[in-house]
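Here, each number is a calculation from the coordinates, and none is a lab measurement. Only a predicted model underlies this, so the values are computations on that prediction, with no experimental measurement involved. Cβ placement follows ideal geometry from the backbone for every residue including glycine, while neighbour counts extend to all protein chains displayed.
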Amino acid sequence: EGGKSNERVAVAEGWGLRTGPVSAAGGADGRQDEERALECDWAAAMLGRTMAALEEEYTSEQKARLLAVLRPFLTGGVGLPTHAAAAARLGVPLDTMRSHLFRLRSRYRALLRTEVARTVPTSQDVDSELQHLCRVLIAAA
């Protein structure tokens, strides 16, 4: 449990989300807090599994370095490097870095869509579930 909690916190913080204790109080507020915490856990799990799948695809030394440098642009948060700084770290021209980032974001979106599709009964539900995921992430920010 502690490891999963730490993972949720790390993923949530990577997206710039606030994390904190859930109220143990009963009543409607306690149930709402518990529901909100479960939704945050679900959202963090979706993002965590998506990132793990992306990491599996980026196992070669060159791709792993690319992912390491560009990962902050996927997870967001405060203090992101500039595109120019990321290009310099990769040793590539700015336009090349932006192309890499575009492809990485596209793949991340596709993997997230696949991960969410595993949680819904039909493919027609994927878009609404992705919208719900975005609402959960925004509400937790």
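In the calculated pair distance distribution of segment 61-141, what percentage of Cα-Cα distances lie above 15 Å? Of all Cα-Cα pairs in segment 61-141, 64 percent lie more than 15 Å apart. For THR59 and GLU129, the difference between the fully extended length at 0.36 nm per residue and the C-alpha to C-alpha distance is 22.3 nm. Sites listed here are trypsin sites (Lys or Arg not before Pro) in segment 112-141 whose DSSP assignment is loop and whose Cβ has at most 12 other Cβ atoms within 10 Å: ARG118.
In a fully extended conformation the segment linking ALA68 and VAL120 would gain 15.6 nm over its present Cα-Cα distance, using 0.36 nm per residue.
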